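S.K.: The structure under discussion is supplied below as C-alpha cells; questions concerning it will follow.
The values are calculated or read from the model by the stated rules, or taken from the named source; none is laboratory data. Worth saying up front: this structure is predicted, and the values here are computed from it rather than measured. FYI the Cβ positions are ideal-geometry reconstructions off the backbone, even for glycines, and counts take in every protein chain you see. What goes into the accessible areas is simple: the full protein's heavy atoms, side chains included, and nothing from ligands, DNA or RNA. Shrake-Rupley method; radii C 1.70, N 1.55, O 1.52, S 1.80 Å.
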Amino acid sequence: MTDTNGREDWIASPKAALHGTIEVPGDKSVSHRAIMLAAIADGTSCIEGFLEGDDTRATAAVFEKLGVRIEVPESRTRIVHGVGLDGLEAPSQSLDCGNAGTGMRLLAGLLAGQAFDSVLTGDSSLTRRPMRRILDPLSRMGAGIASQDGFPPLRIAGGRPLHGIRYSSEIASAQVKSAVLLAGLQADGETQVREPHPTRDYTERMLRAFGWPIDFSPGEVRITGGHRLHATEVVVPADFSSAAFFIVAACLVPDSYVVLRRVGMNARRTGLLRVLRAMGASIELLELGEEGGEAVADVHVRHAKLHGIDVPLDAVPDMIDEFPALFIAAACARGTTTIRGAAELRVKESDRIATMAAGLRSLGIDVEEAQDGARIQGGAFRGGNVASQGDHRVAMAFAVAGQVAEDEVRISDIANVATSFPGFDVLARKTGFGLRVA
C-alpha cells in the first residue's frame, strides 16, 4: 500500500536461498569526496563508478551552482572541469544538500575559506542532524558560520582568513576530520587532527591522489595550506555499506551463496567483516586488488549459523554505518549480542538505536536499549509492521529480516533508500529476495 503522504512501503518475505554474483553501487563516501576535490582541482578529472544516488547527485548539483561544469557522458561517470581552489563562484541561491550529512559537513569546511557568502540547507531529516561538531573546530580556524542552535541551515561568511590548528576531536568522526582538513587547504600554516579512534581515511587518500602533500597514519593527519590540487582519474569502488545487507542476508538465509564484486575494503570501513566472522560467518575475500587508491576484493559469503558476541569497542568506528545490518544478524544469532560505544547511531538519519530496537521488538525480538548501544537476544522473526523513520539503512536492514521471518514484514517510508542505493529492491530480487513495493 501507499500511505496518505504518498510514501511507498516494501513487503518482504522468505522466497528462496540467495544466489548470484552481483555488483552494488559505488561508494557514497568516495563519490562525495571525488566530486569535491575534482571541482577545486586544476584541470579536468574523470570519475568512474560514481554513485547515482540522491545524496551524491545533490553534492554535484551544489558545485554546479558554484560555477563548476560537470558532464555526465553515461551513468556512473562524471567529467569534472575543475576551477581550482580559488575559482568557485558566489552562488545566487542557497545550496541544497538534500539528505546528505556528509555533503553538508564537508562543504562547510570547504566553503569556510572562500571569498563569498553561502548558505547550506537540506531536507527535513538533515535539519535535525547536529553540526556543532564541525562548527567548533572551524570557528577555531577563523571561520564565521551561523546555525540554528547547532543545526542547519548553515550561513557561512566569506572573506574570513583561516589559520591552521591542532585539533583533538572528542568523537571518532571521519566527517569532522574531513571538514577540518578541507578548511585546512585554505588555511595559513599547518592543520593537524587527532582522533580518539582511527576513522575512515578516504579524504586523506584522495587528497594525496590529487597531489596535495599530506602526512597521515591511523588516528592522526597533518596538512599545510598553500598547495594546489591536480586533476586525476578516480575509480570509485563498490560501497561496502551497500554490500553489507547482502553479506548479512547470505549469512542468514539457509543454502545461500553470494559473491559481491570489487567491494571497497578500506580497513577503516570493514569492521562488520571482523564482527560477523567472530559470530561464525563464512566469508572469504578473493581477487584482492586496488582501484582508485582503495583496496578492493570479491566477497564470497555462504550461509552459516551465527552466535552472539560482545562487539569489540575498537571495531565500532570501523562499522558505524553497518550497524542496522548487524542488528538483524544479532537478532538471528544464538545467544546474546551486546553493542556498546555506538552513541553516534543516535544522530544518524534517524536515531538508529531506537528505530532498530523498535522494529526488532515489533517482530518479536527481545532488545534492551542503552544510550550507546543495545543488548539483543537472538530469536525468530515473526511477521509485522516496521517503521523505517525515513532511514535508508533501516529500511534495507528490515528487508533482510523479512527473508528469514515467519510471515510478511511490511516496511514503511522507503523513499530515502535512493539516497545511497537506488535499485536496491531490483538487485535484491535478482539474488532471490522476496521483496515487493506495495
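S.K.: Round to a whole number: what % of the accessible area of the stretch 246-380 belongs to carbon and sulfur, probe 1.4 Å?
M.R.: Details: 2220 of 4680 Å².
The nonpolar share, carbon plus sulfur, comes to 47 percent.
S.K.: What does the accessible area of E287 come to, in Å² to the nearest 10, when a probe of 1.4 Å is used?
M.R.: Accessible area of E287: about 130 Å².
S.K.: Have a look at the DSSP beta bridges in the chain and tell me what percent are antiparallel, nearest 5.
M.R.: 70 percent
S.K.: Rounded to the nearest 0.05, what FRET efficiency do R361 and S168 have when you use their Cβ-Cβ distance and R0 = 35 Å?
M.R.: Taking R0 as 35 Å, the efficiency between R361 and S168 is 0.35.
S.K.: I've got another one for you. So, with +1 on the Cβ of K and R and -1 on the Cβ of D and E, and no other charges, what is the size of the charge dipole of the stretch 69-154 about its Cα centre, to the nearest 20 debye?
M.R.: On the way: 9 positive and 9 negative charges, 75 e Å.
Computed charge dipole of the stretch 69-154: roughly 360 debye.
S.K.: Only helical DSSP H runs with n ≥ 4 go in: add -39500 (n - 2.57) per run for the chain, normalise by residue count and round the 222 nm mean residue ellipticity to 500 deg cm²/dmol.
M.R.: On the way: 12 runs with 123 residues, N = 438.
Roughly -8500 deg cm²/dmol at 222 nm, from the helical runs in the chain.
S.K.: With every protein chain present, what is the per residue accessible area of the chain (1.4 Å probe, Å²)?
M.R.: Numbers: 15780 Å² over 438 residues.
The answer is 36 Å² per residue.
S.K.: Considering every pair of different Cα atoms, what Kirkwood radius, in Å, is found for the stretch 159-217?
M.R.: Numbers: mean 1/r = 0.0843 Å⁻¹.
Hydrodynamic radius (Kirkwood, Cα only) of the stretch 159-217 equals 11.9 Å.
S.K.: Go through the stretch 261-274 residue by residue and turn each phi into a ³J(HN,Hα) via Karplus (6.51, -1.76, 1.60, θ = phi - 60°); whole Hz please, and just put x for glycine and proline.
M.R.: With the stated coefficients, the stretch 261-274 comes to 8, 6, 7, x, 10, 3, 4, 8, 10, 10, x, 4, 4, 4 Hz.
S.K.: Right, another one. Report the relative contact order of the stretch 176-287, percent, no decimals, based on alpha-carbon pairs under 8 angstrom and at least 6 residues apart.
M.R.: On the way: 115 pairs, mean separation 25.6, N = 112.
23 percent.
S.K.: Further, regarding this structure: If you take the Cα atoms of the stretch 152-192, find Rg, then find the Kirkwood Rh from the mean of 1/r over all pairs, what is Rg/Rh? Walk me through the intermediate numbers first.
M.R.: Numbers: Rg = 11.3 Å, Rh = 11.3 Å.
With Rg and the Kirkwood Rh in hand, the quotient comes to 0.99.
S.K.: Over the chain, what relative contact order in percent results from Cα pairs under 8 Å that are six or more residues apart?
M.R.: Details: 1124 pairs, mean separation 84.8, N = 438.
After rounding, I find 19 percent.
S.K.: Along Cα→Cβ, 7 Å out, is where each label goes; now give me the distance between the ones at E89 and R76 in nm to one decimal.
M.R.: Rounded to a tenth, the inter-label distance reads 3.2 nm.
S.K.: Would you calculate the convex hull of the Cα atoms in the chain and tell me its volume per residue in Å³?
M.R.: Working: hull volume 53.9 nm³, N = 438.
Normalising the Cα hull of the chain by residue number yields 123 Å³.
S.K.: Under a point-charge model restricted to the Cβ atoms of Lys and Arg (+1) and Asp and Glu (-1), what is the dipole moment magnitude of the stretch 153-282 relative to its Cα centre, in debye to the nearest 20? Walk me through the intermediate numbers first.
M.R.: Numbers: 16 positive and 11 negative charges, 13 e Å.
Its charge dipole is roughly 60 debye.
S.K.: Out of A370, L154, A329, whose Cα points farthest toward the positive end of the dipole of the chain (charges: +1 Lys, Arg; -1 Asp, Glu; placed on Cβ)?
M.R.: Working it through, the farthest residue towards the positive pole turns out to be A370.
S.K.: Quick one: how many Å² of K430 are accessible to a 1.4 Å probe, rounded to 10?
M.R.: Rounded to the nearest 10, that gives 150 Å².
S.K.: Probe radius 1.4 Å, ligands and nucleic acids left out: which of S362, S168 has the largest accessible area, and how do the rest follow? Walk me through the numbers on the way to the answer.
M.R.: Working: S362 40, S168 80 Å².
My answer, sorted largest first, is S168, S362.
S.K.: If the chain between R436 and T336 were fully stretched, how many nm would it gain, using 0.36 nm times the residue separation less the Cα-Cα distance? Don't skip to the end; give the middle numbers.
M.R.: On the way: separation 100, 0.36 × 100 = 36.00 nm, distance 3.13 nm.
In short, 32.9 nm is gained.
S.K.: If I compute solvent accessible area with a 1.4 Å probe over the protein chains, what percent of it on the stretch 87-201 is carbon and sulfur?
M.R.: Working: 1850 of 4270 Å².
C and S atoms contribute 43 percent here.
S.K.: So what are the stretch 38-98's ellipsoid semi-axes, whole angstrom, largest first, if each one is the square root of 5 times an eigenvalue of the alpha-carbon gyration tensor?
M.R.: Values: eigenvalues 66, 50, 12 Å².
Its equivalent ellipsoid spans semi-axes of 18, 16, 8 Å.
S.K.: Can you tell me the length gained on complete extension of the stretch D117 to E406, counting 0.36 nm per residue apart and subtracting the Cα distance?
M.R.: 98.5 nm
S.K.: Next question. What is the spin-label model distance, in nm, from R261 to S139 if the labels are put 7 Å beyond Cα along the C-beta direction?
M.R.: Computed distance between label sites R261 and S139 equals 5.0 nm.
S.K.: Further question: Report the Rg/Rh value for the stretch 187-276, based on alpha-carbon coordinates and the Kirkwood definition of Rh. Mind showing how you got there, number by number?
M.R.: Numbers: Rg = 17.4 Å, Rh = 15.7 Å.
That ratio is 1.11, to two decimals.
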